[in-house]
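The values are calculated or read from the model by the stated rules, or taken from the named source; none is laboratory data. Please read these numbers as outputs of a predicted model, since none were measured by experiment. Don't worry about glycine lacking a Cβ; one is built from the backbone with ideal geometry, like all the others, and counts go over all protein chains shown.
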Amino acid sequence: MTTRTTASALLAALLLLAQAPAALAADDPDEDEPEETVDAPWSLSLSTVVDQASTRGVSGELGRDLTPNTMLRLAVDSTSYDSHNQAGFKSNGIEVGATHDFERFGIQAAVARWQDTDFVTAKELKLGGDFRFDPWSVGLRTGYRRSDFESFKSAAAVSLLNGTTTDAGSASQCKLDNTALGLDGRFEGDVWGGYATLMQYQYKNAKCAVLVNGLDVRSNANRQQLRDLSAGALDVLSAVATRRIGRQETLLDSSLDAGASWKHDDLVVSLDFSRQKDFLLGATSDTFSLTGTADLGNHTGIDCTLGLTRGGGVTNGAFVGFGLRAKF
């Protein structure tokens with residue numbers, strides 16, 4: 001079964017679960033209670049962030065509450081890198097997902113596609129579940145991703161895992177599969193809140209089609225051999241993976257996100273930390289951010305974020321971001 005078929009089946013199952021209570025009520029002649037409706041079924045959030053190196057990220061998410069317990073969402077992300085070592089590089093992503101809440105248990109499913117300019121296209125399936133015992137919740141996260149690299153030429157001969165030896169200048173086109181597994185824990189009190197999410201990604205050896213002496217030879221390559229085949233062209237992805245601008249998850253080895261928040265009337269102040277490690281180089285980066293969220297009433301709110309990223313090849317890591325949220 002393909003990733004697209006699996007995701008479609010999961011989303012369809014969520015919709016059927018959401019409609020089941022209404023269908024049972026319709027078949028019960030003694031049921032006089034009106035069907036539950038959502039006062040403001042649509043939600044929209046828009047945000048932008050820019051750093052010292054003129055890297056700019058824009059994110060948006062549109063949600064639709066089908067019932068009080070079921071929501072569909074569409075998220076888009078675009079990041080443009082203008083610093084001297086990544087000038088002209090762009091990363092774009094789109095994600096479609098659904099969530100359904102039972103009394104104490106919730107499930108999520110999503111499919112996503114990422115395109116990093118002239119380097120890699122990633123397609124992924126995400127699944128998750130949460131168990132709630134207010135004000136706490138714990139959950140599991142899992143997923144599958146296929147990354148397809150654009151064709152690149154080797155600068156030197158490379159010996160691959162199953163005996164294939166490429167020549168300098170030989171062309172290669174590779175695919176890389178990985179799975180994800182993680183834990184999520186949250187506390188949401190009347191005043192204080194906190195969360196922690198840990199993700200670990202397991203990669204298989206890359207599958208490469210290598211053009212050797214005019215023949216298309218299929219072979220496998222580990223992480224170092226994949227870098228050697230690309231003659232260092234893929235190393236730019238390490239700085240992109242660990243840079244906390246916009247939202248980019250492609251080719252991460254692991255990530256840890258944690259934070260705490262404080263509420264007072266219509267104001268929420270949160271302090272967040274993120275550590276990311278990339279797969280290709282093993283580079284790590286730490287990001288610290290402070291966010292103020294104000295509720296403006298009428299289902300609207302604004303966010304303002306100040307942050308700093310260190311490590312991972314980032315030299316000018318200070319950034320500022322703004323966001324707008326609304327329900328209608």
>> Here's a check for you: in segment 135-181, which residue that is more than 26 Å from the chain's Cα centre (by Cα) and charged (D, E, K, R) is surrounded by the fewest Cβ atoms within 10 Å (Cβ to Cβ)?
In response: D167
>> Return the residues of segment 286-318 that are surrounded by 15 or more Cβ atoms within 10 Å (Cβ to Cβ) and closer than 17 Å to Q276 by Cα; say none if nothing qualifies.
In response: D286, T287, F288, S289, G307, L308, T309, G311, G312, G313, V314, G317
>> Can you report the number of residues in segment 147-173 which are in a strand (DSSP E or B) and closer than 24 Å to T250 by Cβ?
In response: 8
>> One residue is enough: does segment 96-104 have a residue meeting the conditions among the hydrophobic types (A, V, I, L, M, F, W, C), closer than 19 Å to E188 by Cβ and in contact (Cβ under 8 Å) with a residue 40 or more places away in the chain?
In response: no
> Any idea which of S261, S159 is of a type outside the set (A, V, I, L, M, F, W, C) and modelled with pLDDT under 95?
Replying inline: S159
>> Can you report the number of residues in segment 110-121 which are in contact with a strand residue (DSSP E or B) (Cβ under 6 Å, 6 or more places away or on another chain), buried (at least 20 other Cβ atoms within 10 Å of the Cβ) and under 24 Å from L229 (Cα atoms)?
In response: 3
>> Filter segment 248-287 down to the residues that are free of Cβ contacts under 8 Å to residues at least 60 places away in the same chain, more than 17 Å from G193 (Cα to Cα) and not hydroxyl-bearing (S, T, Y) and list them by number.
In response: L252, D253, R275, Q276, K277, D278, L280, L281, G282, A283, D286
>> If the requirement is being at pLDDT 95 or above and over 19 Å from L198 (Cα atoms), which of these qualifies: G313, G232, G323, G297?
In response: G323
> Could you list, in sequence order, the residues of segment 97-109 that are in a strand (DSSP E or B) and surrounded by fewer than 16 Cβ atoms within 10 Å (Cβ to Cβ)?
Replying inline: F105
>> Pairs needed: first member in segment 39-52, among the charged types (D, E, K, R); second member anywhere, in a strand (DSSP E or B) and surrounded by 15 or more Cβ atoms within 10 Å (Cβ to Cβ); C-beta distance under 7 Å; at least 6 residues apart or different chains.
In response: D51/F319
